[in-house]
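The values are calculated or read from the model by the stated rules, or taken from the named source; none is laboratory data. Predicted, not measured: the structure shown is a model, and the values here were computed from it. Virtual Cβ from ideal backbone geometry, glycine too; neighbours counted across all protein chains shown. Note: accessible area is taken over every heavy atom of the protein model, side chains too, but ligands, DNA and RNA are not part of it. Shrake-Rupley method; radii C 1.70, N 1.55, O 1.52, S 1.80 Å.
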Amino acid sequence: FLGLHLPATDIPVQARRLYTLNWIRHIADVGYAPVPILSAGPLPGGALDLSHAFLRSVSPIHIEYLQNMGVGASLSISLLHEGRLWGLVACHHEEPRHVPYETLMACEFLGQLFSV
């Protein structure tokens, strides 16, 4: 996919917002089964906002997209310009793959550095 350029409209507004809030997005196993979050009672202020949560699930449409490409794991690094999503470094592996925390933090640092 090196050098591939896609129009901004290929990334939905909701996903673009999440890529702007979070430097990295890691899906260790595209075939994972999402687990619902249970609450002991009503949440103050309504629904729980997981925008900043690293372990949040992703859209089933995105999972289907990755599976259609034959991807088993995915790591995306956001590139921002003036606070807006400018690009992504997308890393894919054909099998499920856990990336160590230290490597993820190095990727986050590189995303921030390249965005400067």
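Ordered from highest to lowest accessible area with the whole protein assembly present and a 1.4 Å probe, Tyr65, Tyr101 read as Tyr101, Tyr65.
The residue among His92, Leu43, Leu104 whose Cα reaches farthest toward the positive pole of the charge dipole of segment 34-109, with charges on the beta-carbon of Lys, Arg, Asp and Glu, is Leu43.
From its DSSP helices (H runs of at least four residues, each -39,500 (n - 2.57)), the chain gives a residue-normalised ellipticity at 222 nm of -8500 deg cm²/dmol. When the alpha carbon gyration tensor of segment 1-74 is reduced to an equivalent ellipsoid, its three semi-axes come out at 26, 17, 10 angstrom, largest first.
Could you rank Arg84, Arg25 by how accessible they are, 1.4 Å probe, largest area first? Before the final figure, lay out each step's value.
Details: Arg84 180, Arg25 40 Å².
Greatest to least solvent exposure: Arg84, Arg25.
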